[in-house]
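Visitor: Mind looking over this structure? Questions follow.
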């Protein structure tokens with residue numbers, strides 16, 4: 001079975017400060033532990049897919065600096081194909097400034113750097129890789145025109161495209177049409193549909209609207225409650241295991257990487273979502289982004 005997963009997206013270096021509470025505007029507070037970790041939604045999802053059993057190709061762009069070189073080195077060490085990672089000699093690598101409070105919640109500001117210079121012209125030779133894929137995974141930390149270009153190319157090749165529409169922003173209906181799966185959280189679903197998602201009923205309404213726009217399947221992640229699945233084969237809430245959260249950074253990325261793997265293996269949407277919830281629940285019990293992603297053996301053990 002072909003389980004090659006192509007992830008096109010961002011690579012960042014995360015700079016994390018732990019603190020008891022988030023500062024108010026204009027306020028300076030004394031934080032605690034400082035950590036520097038590899039991150040970026042695209043790279044995180046690539047690592048998650050790889051650790052959970054996928055054959056992964058990562059496509060992205062870094063700066064010609066120590067952050068970018070280290071990020072690519074670590075991806076290669078995971079066993080991820082990095083042949084299509086480009087280097088921008090004029091832009092720095094992306095960084096994310098992350099504050100994590102005592103409840104494990106996070107606040108993130110991203111400086112895209114080279115991620116923001118990944119344009120369709122850089123990807124004119126990507127078609128052959130897409131032809132070999134079972135799943136193509138996209139997020140929104142690279143230019144929207146690039147996301148649309150890759151999605152259109154992959155859909156034209158009759159490939160399954162998973163779009164994680166994060167960070168939240170408005171999207172044209174032309175991008176949504178033909179997507180195999182979209183995976184917004186509650187905030188992102190509200191941004192896309194104009195419906196405030198706060199429970200199962202509102203999640204269903206938002207999902208129905210996204211399907212009307214041409215998306216085949218919708219999964220709305222709902223934090224510790226789990227994920228609401230809306231698909232032809234199953235509709236309902238898939239509950240997440242109850243755990244004590246330490247750091248929620250990359251929980252969504254772990255979920256998306258896991259989904260790509262389990263769906264590429266032929267699992268049904270409900271089962272894939274359940275396993276992805278398990279993977280994400282493991283990740284929130286650990287610090288960091290890629291460092292928190294579990295291995296397949298931890299889900300089966």
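Visitor: Given the peptides 249-257, 105-113, 91-99, arrange them by the average over their residues of other C-beta atoms within 10 Å, most packed first.
Guide: 249-257, 91-99, 105-113
Visitor: Another question about this same structure. For the range 64-159, state the semi-axes of the equivalent ellipsoid (square roots of 5 times the eigenvalues of the alpha-carbon gyration tensor), sorted largest first and rounded to whole angstrom.
Guide: Calculated on Cα positions only, the semi-axes equal 26, 17, 15 Å.
Visitor: Would you mind ranking 101, 14, 88 so that the residue whose beta carbon has the fewest other beta carbons within 10 Å leads the list?
Guide: 101, 88, 14
Visitor: So, one more: Please report the equivalent ellipsoid semi-axes of the range 16-83, computed as sqrt(5 x eigenvalue) of the Cα gyration tensor, largest first, in whole Å.
Guide: Ellipsoid half-lengths, sorted descending, are 31, 14, 10 Å.
Visitor: Continuing with the same structure: Express the relative contact order of the chain as a whole percentage, based on alpha carbon pairs under 8 Å and six or more residues apart in sequence.
Guide: Relative contact order comes out at 19 percent.
Visitor: Which order do peptides 127-137, 163-173 fall in by mean Cβ count within 10 Å, highest first?
Guide: Final packing ranking: 127-137, 163-173.
Visitor: Nearest 5 percent is fine: what portion of the DSSP beta bridges confined to the range 1-96 is antiparallel?
Guide: For the range 1-96, the DSSP antiparallel bridge percentage is about 30.
Visitor: Would you please give the FRET efficiency between residue 34 and residue 199, computed as 1/(1 + (r/R0)^6) with r the Cβ-Cβ distance and R0 = 35 Å, to the nearest 0.05?
Guide: 0.40
Visitor: Between the alpha-carbon centers of the range 138-186 and the range 213-271, tell me the distance in whole angstrom.
Guide: Answer, in whole Å: 17.
Visitor: For the range 1-156, what relative contact order do you get, as a whole percent, if you take Cα pairs closer than 8 Å and at least 6 residues apart?
Guide: For the range 1-156, the relative contact order is 30 percent.
Visitor: Also, I was wondering about something else. From zero outward in steps of 10 Å, how is the percent of C-alpha pairs of the range 166-301 spread across the bins?
Guide: The calculated distribution, bin by bin, is 13, 44, 34, 9, 0.
Visitor: Could you work out which residue, out of 235, 90, 19, moves most in a Gaussian network model of the chain, that is, has the largest mean-square fluctuation with Cα springs under 10 Å?
Guide: 90
Visitor: Out of all DSSP beta bridges in the range 99-242, what portion is antiparallel? Express it as a percent rounded to 5.
Guide: Taking every DSSP beta bridge within the range 99-242, about 55 percent pair in antiparallel fashion.
Visitor: By how many nm would the segment from residue 148 to residue 287 grow when fully extended, if each residue of separation counts as 0.36 nm and the alpha-carbon distance is taken off?
Guide: That works out to 46.8 nm of additional length.
Visitor: Quote to one decimal, in nm, the extra length available between residue 131 and residue 235 on full extension: 0.36 nm per residue of separation minus the C-alpha distance between them.
Guide: So the chain would gain 34.4 nm between residue 131 and residue 235.
Visitor: Starting with the highest mean, order 222-232, 47-57, 270-280 by the number of other Cβ atoms within 10 Å, averaged over the residues of each peptide.
Guide: In decreasing order of mean packing, 222-232, 47-57, 270-280 become 47-57, 270-280, 222-232.
Visitor: Looking at the range 166-280 only, what percent of DSSP beta bridges run antiparallel? Nearest 5 please.
Guide: Within the range 166-280, antiparallel bridges account for around 75 percent of the total.
Visitor: Want the number for residue 90 to residue 109: 0.36 nm per residue separation, take away the alpha-carbon distance, what's left?
Guide: This chain segment gains 4.7 nm when fully extended.
Bear in mind that the values in this text are calculations on the coordinates, not laboratory data. Because the structure is predicted, anything quoted here is derived from the model rather than measured. Note: ideal-geometry Cβ built from the backbone for every residue, glycine included; neighbour counts use all protein chains shown.
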